[in-house]
Amino acid sequence: MFRTSLVSISPKVVIGSRQLHASPVALKTVTEKVSEVADKVNKGVGKTLASAIEKGERASHAAKETLETKTDQAKGKAQETETILKQKGNEVGARVSARQKSGEDIISLSVSLFDLNMAFNMDRSASATVPSSTAIPPLYSIPIPSFLTLPKAKEFSALYTFATIIISLLVLEQAVYRYKKRHLPGAAWTIPLIGKFADSVTPTMEAYKRQWDAGALSAVSVFNIFIVMASSNEYARKILNSPTYAEPCLVHSAKTVLLPQNWVFLTGKEHVEYRRGLNALFTRKALGMYLPIQESVCRKHLQRWLDAAAKDPSPQPIMMTARHLNMETSLAVFCGSHIPEHAAQEINDKYWAITKSLELVNFPFAFPGTKVWKAVQARKVALRWLELAAHKSKIAMANGAEPECMLDEWVRTLADPAYKGRKDFSDHEMAMVLFSFLFASQDAMSSGLIYGFQHLADHPEVLAKLREEQDRVRQGNYSQPLTLEMMDQMPYLYAVVKESMRTKPPVLMVPYKATRAFPISDDYTVPANSMVIPSFYNSLHDPEVYPNPEEFIPERWLDPNGSANANPKNYLVFGSGPHRCIGLEYAQMNIALTLATAAIMMDFEHDVTPQSHISESNYRDDLSKGWVSTQADATNIRLI
Ligand code: HEM
């Protein structure tokens, strides 16, 4: 109860003892008195002494309890106390005078509540007294250098309070983390405030694998967001298929970029119904319409690659060229001739700003100059052109034109009397849907395509088989346009695409959020509002299902009874459940036809650089929707 404190006593202070007021009622006034005196002293001798008094005040509060409990015992000692107090007060007064003369500051060490109460204006009119054992601690005076005087002490007091609050919060943070984590594997303590933030800035495959291998469920915290990672197939699928407990969790900037009213933010029944209407855009009939569009854009781009290689035969990174190819293909498929070429080019040029704005670690507000702001400008341009395209499509369909793109197919479906769903979609709504498709597909499809090129270049025997199949199906006629029926006769091509995305999945994990306590296993419930992240890697590298899982073996997909085909639940490349990728067939077809066309048009080899290694072990988190995607950026291809 008795505190040791440093108190500087100004030479001006006259310290004396008064009678001690120690009745339970009067005890309240002790504090007031001390404060009052503290005020006076403040005026008289400055802030330094006030700080000391405040300390005494705190000590006074602390001592109340002791006083109350010991009042009875203390009664008999009151007189004795009073006498000693007087003596002590006089001693201090004398010492102050002496120091005053010598011009030194005085530090009194170990000034207790009772020293202070005694020294500053105590009124001893009450009946109860203080026990002698606690009443009179000694006063010590130690001279100290002036730089240690009370202004520092006051600052120290504020600092002390601040430090106490911070330490309490940090302890609380650890306690909450431990409470939520329970027995799950993962760091026993979280790094204060930031948690595993550093790992999420420079993610590596090795670090992810360590986390996944720690357990089917494991815990991690980033910026106080508690995250449960699910690495097994069972738990990953459980998260994706439990819409009542968990829903996709988009990066903060996604709503600003995509607009909050975009359908991708719908959940539950609303989402299911909206999505049902959009399924009409990916039927086999619709895909048959898209195929020639895709092929013609693809050929145009590959010819450009060849022309560029003729001028400069050195190896070139294909990240941006592959992205441009995919973007132009998608815009042509979505909007056909309703979007002019220069508009497609403008969207293409600006789209990179959107990808950059979707990094998980990003300044989330659209202040001018920020990545999100640039993305919003890009979205405005894109939406303007897409709205115009929707408008033109409606006019064309109303005039009886034949559908020639996704928009036309959509307008036609809506007008079909057999169609039972919602029929009225504004130009703006249609544009938002198409924009969501660009948003959800651009990065994943680009990574998928680039890894496809890399695998073919690294496995010439596979490329040779793929070419054989092309020769067989095309029968030597390489300019003949592809049809769905021809694609159906290319199982080896599709096996290559499937295996490429299995070994190097374009999307590694999809963050979900537990909307309420989620009993994911018999002995663990994910706390509400935690992030819960299904990872696809272990499912796609399960040696039971895919023997030699690190090997690129397209043949494993050719046997209908083989373990790969017998376990479709393991193939989580496109997710699972109500949010499973709506464009998966379109995406696979696009990658397949691009690789097939490249195989018949050109020779290429993979130029392995030091960056190739880095890119293969690094994964990035900037994919649309905040997905964690593979990093295929550094692949260099030499056309030969
Ligand atoms: C290789 C290319 C692609 C990959 C690897 C991929 C992967 C994924 C994954 C993992 C999801 C999340 C699934 C889940 O939460 O269970 C998803 C959702 C989605 N994907 Fe894809 N995707 C690709 C291409 C595309 C394309 C081309 C489109 C559109 C044309 C598209 C449109 C979407 C949409 C709209 C969603 C959200 C669906 C919903 O919330 O209902 N994706 N995709």
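The values are calculated or read from the model by the stated rules, or taken from the named source; none is laboratory data. Keep in mind that this is a model prediction, so the values were computed, not measured. With ideal geometry, Cβ positions are generated from the backbone for all residues, glycine too; neighbour counts draw on all protein chains shown.
Check off (1) within 13 Å of the ligand (Cβ to nearest atom); (2) at negative phi; (3) surrounded by fewer than 19 Cβ atoms within 10 Å (Cβ to Cβ) for GLY268 and give me the number that stays unchecked.
GLY268 satisfies every listed condition except (2).
Give the range 273-319 a look and list any residue that's of a type in the set (Val, Ile, Thr) and modelled with pLDDT of 95 or more, or say none.
THR283, ILE293, VAL297
Would you tally the residues in the range 316-349 being under 36 Å from the mean Cα position of the chain (by Cα) and not in a helix (DSSP H, G or I)?
4
Determine which single condition LEU572 fails, assuming it passes every other condition in (1) within 19 Å of ASN233 (Cα to Cα); (2) within 14 Å of the ligand (Cβ to nearest atom); (3) out of contact with any Lys or Arg (no Cβ under 9 Å at 6 or more places or on another chain).
(3)
Could you tell me which of the residues VAL473, VAL496, VAL532 is surrounded by 17 or more Cβ atoms within 10 Å (Cβ to Cβ), of a type outside the set (Asp, Glu), within 16 Å of the ligand (Cβ to nearest atom) and within 21 Å of GLU585 (Cα to Cα)?
VAL496
Look at LEU438 and say whether it is under 32 Å from the mean Cα position of the chain (by Cα) and surrounded by 14 or more Cβ atoms within 10 Å (Cβ to Cβ).
Yes.
Please go through (1) modelled with pLDDT under 65; (2) in a helix (DSSP H, G or I); (3) of a type outside the set (A, V, I, L, M, F, W, C) for GLN588 and return the number of the only condition it doesn't satisfy.
Every listed condition holds for GLN588 apart from (1).
When the range 311-322 is examined, which residues are found to be surrounded by fewer than 23 Cβ atoms within 10 Å (Cβ to Cβ) and out of contact with any Asp or Glu (no Cβ under 8 Å at 6 or more places or on another chain)?
LYS311, ASP312, PRO313, SER314, GLN316, MET320, THR321
Restricting the search to the range 443-462, which residues are of a type in the set (S, T, N, Q) and either surrounded by fewer than 20 Cβ atoms within 10 Å (Cβ to Cβ) or within 8 Å of the ligand (Cβ to nearest atom) (or both)?
SER447 - this is the single residue of the range 443-462 that is of a type in the set (S, T, N, Q) and either surrounded by fewer than 20 Cβ atoms within 10 Å (Cβ to Cβ) or within 8 Å of the ligand (Cβ to nearest atom) (or both).
When both residues are 6+ apart or on different chains and their Cβ atoms are under 7 Å apart, which pairs have a first residue that lies in the range 436-451 and is farther than 23 Å from THR256 by Cβ, and a second that is outside any helix (DSSP H, G or I) and within 7 Å of the ligand (Cβ to nearest atom)?
SER447/PRO506; GLY448/PRO506
Results for (1) loosely packed, with under 12 Cβ neighbours inside 10 Å; (2) more than 16 Å from the ligand (Cβ to nearest atom); (3) in a helix (DSSP H, G or I), shown as yes or no for each residue.
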site: LYS154; (1), (2), (3): no, yes, yes
site: ALA163; (1), (2), (3): yes, yes, yes
site: ILE167; (1), (2), (3): yes, yes, yes
site: LEU170; (1), (2), (3): no, yes, yes
site: PRO185; (1), (2), (3): no, yes, no
site: LYS209; (1), (2), (3): no, yes, yes
site: SER221; (1), (2), (3): no, yes, no
site: ARG237; (1), (2), (3): no, no, yes
site: THR244; (1), (2), (3): yes, no, no
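Filter the range 564-578 for residues that are touching a Ser or Thr at 6+ places or on another chain (Cβ under 9 Å) and crowded, with 20+ Cβ neighbours inside 10 Å; which is farthest from VAL333 (Cα to Cα)?
ASN570
Take the residues in the range 246-288 that are hydroxyl-bearing (Ser, Thr, Tyr) and assigned to a helix (DSSP H, G or I), then tell me which one is farthest from the chain's Cα centre (by Cα).
Of everything passing the filter in the range 246-288, TYR274 is farthest from the chain's Cα centre (by Cα).
Which residue pairs have Cβ atoms closer than 6 Å, lie 6 or more positions apart in sequence or on different chains, and pair a first residue in the range 171-184 that is without any contact (Cβ under 8 Å) to a residue 60 or more places away in the chain with a second residue that is hydrophobic (A, V, I, L, M, F, W, C)?
Every condition considered, the pairs that remain are GLN174/TRP189; LYS181/ALA219.
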